[in-house]
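*Asks:* Below: one structure in structure tokens.
The values are calculated or read from the model by the stated rules, or taken from the named source; none is laboratory data. The structure displayed is predicted, hence computed values, not measured ones. Glycine gets a Cβ as well: all are built from the backbone with ideal geometry, and neighbour counts include every protein chain shown. Please note that ligands, DNA and RNA were not included when accessible areas were found on the heavy atoms of the full protein model with its side chains. Shrake-Rupley method; radii C 1.70, N 1.55, O 1.52, S 1.80 Å.
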Amino acid sequence: MELLFGTWHWSISGFLIGMTMLILTYFGKSFGMSSNLRTICTMAGAGKFSDFFKFDWREQKWSLAVVLGAFVGGFIAFYFLSNGSGVNINPDTISQLQTLGIDAPNGKLMPDAIFSIETLQSPKGFAILLIGGLLIGFGTRYAGGCTSGHAISGLSNLQLPSLVAVIGFFIGGLAMAHFILPLIYKTA
């Protein structure tokens, strides 16, 4: 039972992801989360306003099950398969966040200094989340997919554009963590 409540070793998770990708490849499908937003917008009638949303969304309805599974799986994992210890973060990461004035998440996934209702109500916090969301949305469309689509599906299918995109994701993440985030949250 401890296997269900603890963190899985990367080899177990990697094996399960690999098996999932083999099954999807066999059926001619690809994995990614960002394309589901387009499918949902098409279902809601966005095709009346933009040609981008004019496609047969029924061909993608299997992918909506992935989204539903992510929500249901997250709910089950949090409420039924959690031992209550929260997330263990490296103490060096916590001290680096504290030098930026960002509180330790204390078992949560995200620190309140960046992701909280109070932060959203401040002009600085709102601007950061709005600009970050727009950049992620634009970047996802510009790159032709999201991190999960490129890193899991694209790389497993040996697609060169996915390799370029994943390298870009890592460079962007490193730049954000080491250069941009300290500029935004530098304490005086």
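*Asks:* For the range 109-163, which semi-axes, largest first and in whole Å, follow from the square roots of 5 times the eigenvalues of its Cα gyration tensor? Walk me through the numbers before you get to the answer.
*Replies:* Working: eigenvalues 195, 32, 6 Å².
One finds semi-axes of 31, 13, 6 Å for the range 109-163.
*Asks:* In deg cm²/dmol, rounded to 500, what helix-only [θ] at 222 nm does the chain give when every DSSP H run of at least 4 residues adds -39500 (n - 2.57) and the total is split over its residues?
*Replies:* On the way: 9 runs with 106 residues, N = 188.
So the calculated ellipticity at 222 nm is -17500 deg cm²/dmol.
*Asks:* Could you work out the pair-distance distribution P(r) of the range 71-147 from its alpha-carbon pairs, with 5 angstrom bin width and percents rounded to whole numbers?
*Replies:* P(r) for the range 71-147, in whole percents per bin: 3, 13, 14, 15, 19, 22, 13, 2.
*Asks:* Another question, if that's okay. Which residue, chosen from 53, 25, 152, occupies the Cα position most advanced towards the positive end of the dipole of the chain, where the dipole is computed from +1 (Lys, Arg) and -1 (Asp, Glu) charges on Cβ about the Cα centre?
*Replies:* 53
*Asks:* Quick one: Debye curve from the alpha-carbon atoms of the range 26-160 only, equal weights, vacuum; give me log10 I(q)/I(0) at q = 0.13, 0.20, 0.22 Å⁻¹ to two decimals.
*Replies:* -0.86, -1.28, -1.29
*Asks:* Find the Rg to Rh ratio for the range 96-188, where Rh is the Kirkwood radius over alpha-carbon pairs and Rg uses the same atoms. Let's see the in-between values first.
*Replies:* Details: Rg = 15.6 Å, Rh = 15.0 Å.
Rg/Rh: 1.04.
*Asks:* Okay, next question. Using the Karplus curve 6.51 cos²θ - 1.76 cosθ + 1.60 with θ = phi - 60°, what ³J(HN,Hα) values do you get for each residue of the range 175-184, in whole Hz, with x for Gly and Pro?
*Replies:* 4, 5, 5, 9, 10, 7, 4, x, 5, 6
*Asks:* Same structure, new question: Return one whole number: the accessible area per residue of the chain in Å², for a 1.4 Å probe. Don't jump to the answer; show the numbers that get you there.
*Replies:* Values: 13610 Å² over 188 residues.
Heavy-atom SASA per residue in the chain reads 72 Å².
*Asks:* With θ set to phi - 60° and the Karplus curve 6.51 cos²θ - 1.76 cosθ + 1.60, what are the ³J(HN,Hα) couplings of the range 10-24 in order, to the nearest whole Hz, using x for Gly and Pro?
*Replies:* Taking θ as phi minus 60°, the curve returns 4, 5, 6, 4, x, 4, 5, 5, x, 5, 4, 5, 4, 5, 4 Hz for the range 10-24.
*Asks:* Can you tell me how much longer the chain between residue 79 and residue 131 gets when fully stretched, taken as 0.36 nm per residue apart minus their C-alpha distance, in nm with one decimal?
*Replies:* Numbers: separation 52, 0.36 × 52 = 18.72 nm, distance 3.22 nm.
Difference between extended and current length: 15.5 nm.
*Asks:* Counting only protein heavy atoms and using a 1.4 Å probe, what share of the accessible area of the range 14-53 belongs to carbon plus sulfur, as a whole percent? Spell out each step's value before the answer.
*Replies:* Numbers: 2000 of 2770 Å².
Heavy-atom surface of the range 14-53 belonging to carbon and sulfur, 1.4 Å probe: 72 percent.
*Asks:* A further question follows. When the Debye formula is applied to the Cα atoms of the range 1-106, each taken as the same point scatterer, what base-10 log of I(q)/I(0) results at q = 0.13, 0.16, 0.22, 0.25 Å⁻¹?
*Replies:* -0.79, -0.95, -1.16, -1.29
*Asks:* Among the lysines, which have Cα under 30 Å from the Cα of residue 54 when same-chain residues fewer than 8 positions away are ignored?
*Replies:* Within reach: 29.
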